[in-house]
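Below is one structure, written out as structure tokens, with a few remarks after it.
The values are calculated or read from the model by the stated rules, or taken from the named source; none is laboratory data. The shown structure was predicted, so the numbers you read here are calculated from the model rather than taken from an experiment. Backbone-built Cβ (ideal geometry, glycine too); neighbour counts: all protein chains shown. Remember, those area values only see protein heavy atoms, side chains included, never the ligands or the DNA or RNA. Shrake-Rupley method; radii C 1.70, N 1.55, O 1.52, S 1.80 Å.
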Protein chains: 4
Amino acid sequence: MVTSFHEELRSAAAAEWTAMLAHPFLARTAAGTIAPVAFHRWLAQDFHYARELLRVMGILLARAPSPHGALLLDGLVAMKNELALFAAEAAARGVDLTAPLAPACRDYTSFLQATAFRADLVEAWAAFYAQEAAYLDCWREVKRRQQGAASPYQSFIDNWSSDGFAGYVAALAAALDELARGITPDARVRVERTFRAVVDHEIRFWDLAFEQA
Amino acid sequence: MVTSFHEELRSAAAAEWTAMLAHPFLARTAAGTIAPVAFHRWLAQDFHYARELLRVMGILLARAPSPHGALLLDGLVAMKNELALFAAEAAARGVDLTAPLAPACRDYTSFLQATAFRADLVEAWAAFYAQEAAYLDCWREVKRRQQGAASPYQSFIDNWSSDGFAGYVAALAAALDELARGITPDARVRVERTFRAVVDHEIRFWDLAFEQA
Amino acid sequence: MVTSFHEELRSAAAAEWTAMLAHPFLARTAAGTIAPVAFHRWLAQDFHYARELLRVMGILLARAPSPHGALLLDGLVAMKNELALFAAEAAARGVDLTAPLAPACRDYTSFLQATAFRADLVEAWAAFYAQEAAYLDCWREVKRRQQGAASPYQSFIDNWSSDGFAGYVAALAAALDELARGITPDARVRVERTFRAVVDHEIRFWDLAFEQA
Amino acid sequence: MVTSFHEELRSAAAAEWTAMLAHPFLARTAAGTIAPVAFHRWLAQDFHYARELLRVMGILLARAPSPHGALLLDGLVAMKNELALFAAEAAARGVDLTAPLAPACRDYTSFLQATAFRADLVEAWAAFYAQEAAYLDCWREVKRRQQGAASPYQSFIDNWSSDGFAGYVAALAAALDELARGITPDARVRVERTFRAVVDHEIRFWDLAFEQA
């Protein structure tokens, strides 16, 4: 059986991926022991992240061939709703969304934006896929560990572990596999390095919540 | 009473704007005397145009401050529906949407994309506003000349002369005025030149329909 | 014997390339019968072109892997000298280099800039190579037809038919062949279309000189 | 007496700037007590940095008005020589320039590239100016503390504390002041934040040398 390109990427970064899923932020969110101040700090930065991700998606939309562009357009519509969810949840919890952008968030989104602009499309798309797939897997890990217990953060858990989101991530993976046809060994090395860098940024982003917490 | 920046731009290009509104394509569409082959040629190129405009909007989304980004996100949702309207109308009329991109369409969209990428945001936004405002005014001109007579192209006429579309164009104008605050005389000269170039491209685009027709 | 990618591109556009080399601007420049007003009009637009090409090279420099970046850096140093040649020649002939950018020049450079920004690197590089190779071949055609007779425009003829420039173009071709490794059939179609579009723009650019002449 | 824009930026970030100049990497380099392994680690990363900075300069070249473009072209010529200095010094010291890009270097250059692409030109230029001015001041600080004693790293110290380099930085400052004419309060806030972010990255970059040292 043939392994697809996106599966190969994930295999090559399996150790980092596993470390990410074992992050204490996720374990504590599942167990209900995460400090509100930590969750709120994460939430404010993730709102920044989502708005910066719109820019990444804009660059990809500018560069992608039409069929993949249609997928991004669907993603942008979803982002519009997601930003509204953030704003509503933040308001309900009294979280200040105007908190300054943290360095770890700035580093992550700068990397994604610079990659979207300058790398070849397969590498830029791999970076975008990586962070969506990471999000899906992280929240599914929370959901799995919850074993049914309710959480004050259930709306987040349910949103990003949903079948709808999983379908979107699968469509991004299929597009990535298509963009990777004929990829040279040199380009593959670059894509793998970028994929790994995204997972590294993802871990540093979860770390954010615990700073001074 | 103070004249706003977008009104000043339009005044500076008033002669070109009037010439655009007097284009025979619009007059004949209103009179019902446009040859189907001409309208279909235009339609196939306008479909290309719409897909290339998505790229322009992507670049602007990547660059615009958040509040203006939200407006672009609304515009992208509208574009999704618009592309579906194109596809449905083309299918109903037997128009081949895979016709090659015509040079005039390629020139126009290249100009918009290059400007969106390299100009300062106020100039890039002015170019985007110019082509949306031109579209609104052109189709309103058709509607006005129709004086109630039905057209085989009524769905297009109604779509781009609607109050909804006018509201979007007004919001783009307001954002442009905001982006133009503090603009230097040099930058103003550049923006005016870009605005005029868009109107020039718009006229060349309407010309397309009559080639070999 | 294997044909290289850049040779295949040139073969696929052989008819357009031949038409370009047969352009009356080149024939008349070689014969010494070109009207000074026509040559001067061309010169002023080519100065615009050169400055806009710097932007194209900037985008490629931002995107290219390091070894190809070094080649662009050499090209940028050469451009610095070339712009000085233009300025000196224009001053000596009383040519006004502040003439407005002509639409054909704007269309050409917009196309190159938009392609440099949004296409995959192999396609963007192909467009850049195409216009340098066209320049070399066009001026070599003038030189060949001259058969030794001196021209008032000898500095231009000699500059762009030189062995030094030919070596640069050959290095760009070699880099293109390397970037094209593993290219998919779909991507090849896009690159061929872009290559042909450059030749089309090149012809429209030579046409510029004869407008109203 | 009027304070120029670039002076205001530096005043607003005076505390960070002073902290940067007091960095132990600089003090130890001046005192001759820096561990070779630390200096070599820094050197390998600074080589990465220089090559990524070429990309930043490419984006600015693509976007800047012509006079500022000429300044960048001079800067690119200097970079060509600087990269050769790096390669020669690294070879003479047995430093491996193929060491992987460190996260702090990737974060810094991603930030500069993302800013160069998406911010308005005044902000993008301010980021570029900030890192060149930081370099000049840091190496002048080393030179000042040296008080004439020779260093094994004298070629670096002399290169970046030279009057030639100071003149280039002054020209970048003058261009920045020109680009800032008419700047709105909102835009000024963004530029100040970006300026500060560069200094923050600069400090993290000097920290690199001491990792595991």
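Could you state the angle between the C-alpha long axis of helix B:121-146 and the longest principal axis of the C-alpha atoms of chain B, as a value from 0 to 90 degrees rounded to the nearest 10?
40
Taking each label point as 7 Å beyond Cα in the direction of the beta carbon, state the distances from D:SER162 to the same residue in the other copies, shortest first, in nm.
2.5, 6.1, 6.4
Based on the Cα gyration tensor of chain D, what are the three equivalent ellipsoid semi-axes, each the root of five times an eigenvalue, rounded to whole Å and given largest first?
Working through the eigenvalues yields semi-axes of 28, 19, 17 Å.
How far is B:SER11 from the same spot in each other copy, in nm, shortest first, if each label point sits 7 Å from Cα toward Cβ?
In ascending order, 3.8, 6.2, 6.8 nm.
Mean-square fluctuation check for chain B, GNM, Cα pairs under 10 Å: which of B:THR18, B:THR29, B:THR109 is largest?
Its mean-square fluctuation being the largest, the pick is B:THR18.
Any residues in segment A:165-213 that have 40 Å² or more less accessible area with all protein chains than in their chain alone, probe 1.4 Å, and which are they?
A:ARG181, A:THR184
What is the percent carbon and sulfur in the accessible area of the protein assembly as shown, measuring with a 1.4 Å probe over the protein chains and ignoring ligands?
On the protein assembly as shown, the fraction of accessible area on carbon and sulfur atoms equals 57 percent.
Ratio of segment D:1-65's C-alpha Rg to 2.2 N^0.38 Å, to two decimals?
1.56
Rounded, prolate or oblate: which fits segment B:86-144 when a ≥ b ≥ c are the square roots of the eigenvalues of the alpha-carbon gyration tensor, with rounded for a/c under 1.5 and prolate only if a/b beats b/c?
Taking the square roots of the gyration eigenvalues as a ≥ b ≥ c, segment B:86-144 is oblate.
Once each part is reduced to its C-alpha centroid, what is the distance from segment A:70-102 to segment B:80-144 in angstrom?
A separation of 30 Å, based on Cα centres.
State, in square angstrom and to the nearest 100, the accessible area buried between chains D and A, both chains counted, probe radius 1.4 Å. Let's see the in-between values first.
Details: alone 9900 and 9890 Å², together 18500 Å².
Roughly 1300 Å² of accessible surface disappears when D and A pair.
Taking one equal scatterer on every alpha-carbon of segment B:112-193, how large is log10 of I(q)/I(0) by Debye at q = 0.15, 0.17 1/Å?
At q = 0.15, 0.17 Å⁻¹ the computed log10 ratios are -0.62, -0.73.
Taking a point 7 Å out from Cα toward Cβ as the label site, list the nm distances between A:ALA174 and the same residue in every other copy, smallest first.
Distances between equivalent label points, in nm: 4.1, 4.4, 5.9.
Who wins for biggest fluctuation among B:VAL199, B:VAL95, B:VAL191 in a Gaussian network model of chain B, springs between alpha carbons below 10 Å?
B:VAL95
In square angstrom, what is the accessible area per residue of chain C with a 1.4 angstrom probe?
38
Over chain C, with a Gaussian network built from C-alpha contacts below 10 Å, which listed residue (C:LEU53, C:LEU21, C:LEU85) shows the highest mean-square fluctuation?
Comparing C:LEU53, C:LEU21, C:LEU85 in a Gaussian network model of chain C, the most mobile one is C:LEU85.
I'd like the orientation of helix B:66-93 relative to chain B: the angle between its Cα long axis and the longest Cα principal axis, in ° from 0 to 90, rounded to 10.
Value to nearest ten degrees: 10.
For segment A:160-203, take the convex hull of the Cα atoms, compute a quarter of its surface area, and give me that in nm², please.
About 3.7 nm², averaged over all directions.
To confirm my reading of the symmetry, which residue of chain D has the Cβ nearest the axis that brings D onto C, and what whole-Å distance does it have?
Spelled out as residue then distance in Å, it is D:GLY58, 2.
Using amide H atoms built 1.01 Å from N in the peptide plane, name the residues 5+ places from B:ALA99, or on other chains, whose amide H lies under 5 Å from its own.
Amide H neighbours of B:ALA99, under 5 Å, 5+ apart: none.
Helix C:36-63: angle to the longest alpha-carbon principal axis of chain C, degrees 0 to 90, nearest 10?
Between helix and principal axis, roughly 20 degrees.
Work out which residues of segment A:75-115 lose at minimum 10 square angstrom of accessible surface when the other protein chains are put back, relative to the chain isolated, with a 1.4 angstrom probe, and list them by number.
A:LEU76, A:VAL77, A:LYS80, A:PRO103, A:ARG106, A:ASP107, A:SER110, A:PHE111, A:GLN113, A:ALA114
Need the per-residue list for segment B:32-64: every residue with at least 50 Å² less accessible surface in the complex of protein chains than in the chain by itself, probe 1.4 Å, sorted by number.
Hits at the 50 Å² cut-off: B:ARG55, B:LEU61, B:ALA62, B:ARG63.
Give the relative contact order (percent, whole number) for chain B; include only Cα pairs under 8 Å separated by 6+ residues. It would help to have the intermediate numbers written out before the result.
Details: 190 pairs, mean separation 81.6, N = 213.
Rounded, it is 38 percent for chain B.
Output the direction-averaged projected area (hull surface divided by four) of the convex hull of the alpha-carbon atoms of the protein assembly as shown, in nm². Don't jump to the answer; show the numbers that get you there.
Values: hull surface 167.4 nm².
With every direction weighted equally, the projected area is 41.9 nm².
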